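Student: If you scroll down you'll find the structure; I have some questions about it.
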Ligand SMILES: [Zn+2]
């Protein structure tokens with residue numbers, strides 16, 4: 001299994017990070033992809049990338065919730081890292097209108113700037129879009145790069161939104177929300193082909209049921225795979241095989 005989105009460098013794992021990772025590897029998770037948030041998260045992420053080079057694979061980007069007045073300086077740091085280390089993607093980047101709309105314009109500029117970095121470095125993008133699906137789509141269309149591809153991480157939208165994301169060449173990152181009672185993914189997944197889906201936990205956030213509200217970690221990817229299999233009425237083996245293939249294709 002490939003865990004396509006987990007903040008395993010987060011400080012909530014300080015006391016048992018190694019055990020947490022070993023649990024995941026022992027359960028058959030072959031790779032954990034790490035989205036960056038801001039300059040302050042880079043050191044911890046790169047430590048893990050150095051320690052587990054074939055398993056913990058870093059992305060580089062500025063998360064929309066970290067886009068503030070100093071975002072240009074942050075983007076400069078990100079660009080410097082892109083020039084000196086290898087990353088699998090630009091992420092996580094996007095638009096978040098859930099918490100704070102103060103920096104909406106800066107968020108848009110940061111997103112488009114990072115789409116340009118993706119093109120320059122020939123990388124895909126890992127999108128964080130919250131309460132902002134169509135705003136994000138408008139920016140992707142404005143960016144007008146037909147080679148741009150990636151993942152709508154933590155996808156929880158409507159069927160129409162899912163189809164739009166697929167039309168734009170994006171995969172849907174499915175996580176713990178799949179297990180939530182009113183998560184809504186039961187209305188979408190039966191109508192989507194498995195080839196458009198990848199699995200993620202977004203650890204330490206969004207733990208699946210029965211751990212909802214508690215600390216999330218990559219090993220719970222198993223539960224998400226099982227729930228996706230149930231909703232799509234296929235075997236969990238088929239879900240794991242196809243989603244891993246979809247993820248692998250992104251980084252080839
Ligand atoms: Zn995330």
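Computed from the coordinates by the stated procedures, all read-outs in this text should not be read as laboratory data. Note that the structure is predicted; figures quoted are calculated from it, not measured. Every residue, glycine as well, gets a Cβ built from its backbone with ideal geometry; the counts of neighbours run over all protein chains shown.
Student: Can you give the helix-only mean residue ellipticity at 222 nm for the chain, where every DSSP H stretch with n ≥ 4 adds -39500 (n - 2.57) and the sum goes over all residues, rounded to the nearest 500 deg cm²/dmol?
Tutor: Values: 8 runs with 102 residues, N = 252.
Computed ellipticity for the chain at 222 nm equals -13000 deg cm²/dmol.
Student: To the nearest 0.05, how large is the calculated FRET efficiency for residue 15 and residue 205 if R₀ is 25 Å and r is the Cβ-Cβ distance?
Tutor: That pair, residue 15 with residue 205, gives E of 0.85.
Student: How high is the relative contact order of the range 1-122, in percent, counting Cα pairs under 8 Å that sit 6 or more residues apart?
Tutor: Relative contact order here is 23 percent.
Student: If you average 1/r over every pair of different alpha-carbon atoms in the range 95-233 and take one over that average, what Kirkwood value in Å do you get?
Tutor: Evaluated on the range 95-233, it is 15.7 Å.
Student: Can you run the Rg to Rh ratio on the range 1-93? Use alpha carbon positions and the Kirkwood inverse-distance Rh.
Tutor: Across the range 1-93, the Cα-based Rg/Rh ratio is 0.98.
Student: Extension gain residue 251-residue 77, at 0.36 nm per residue separation less the Cα-Cα distance, in nm?
Tutor: Details: separation 174, 0.36 × 174 = 62.64 nm, distance 2.33 nm.
Extra length available between residue 251 and residue 77 comes to 60.3 nm.
Student: Which value in nm describes the separation of the simple spin-label points at residue 22 and residue 142, placed 7 Å from the Cα toward the beta carbon?
Tutor: Each label point is offset 7 Å from its Cα along the Cβ direction, giving 4.9 nm.
Student: Kindly put 191, 121, 196, 128 in sequence by how many other C-beta atoms sit within 10 Å of each C-beta, fewest to most. Each step should come with its number before you reach the end.
Tutor: On the way: 191 10, 121 15, 196 18, 128 27.
The fewest-first ordering by Cβ neighbours comes to 191, 121, 196, 128.
Student: Treating the range 189-238 as a set of equal point scatterers at the Cα positions, no solvent, please give the Debye-formula log₁₀ I(q)/I(0) at q = 0.18, 0.20 Å⁻¹.
Tutor: The computed values of log10 I(q)/I(0) come out as -0.57, -0.68.
Student: What list do you get for 47, 193, 202 if you sort them by fewest beta carbons within 10 Å?
Tutor: In order of increasing Cβ crowding within 10 Å: 193, 47, 202.
Student: Tell me the volume per residue, in Å³, of the convex hull enclosing the alpha carbons of the chain.
Tutor: Here the figure is 116 Å³ per residue.
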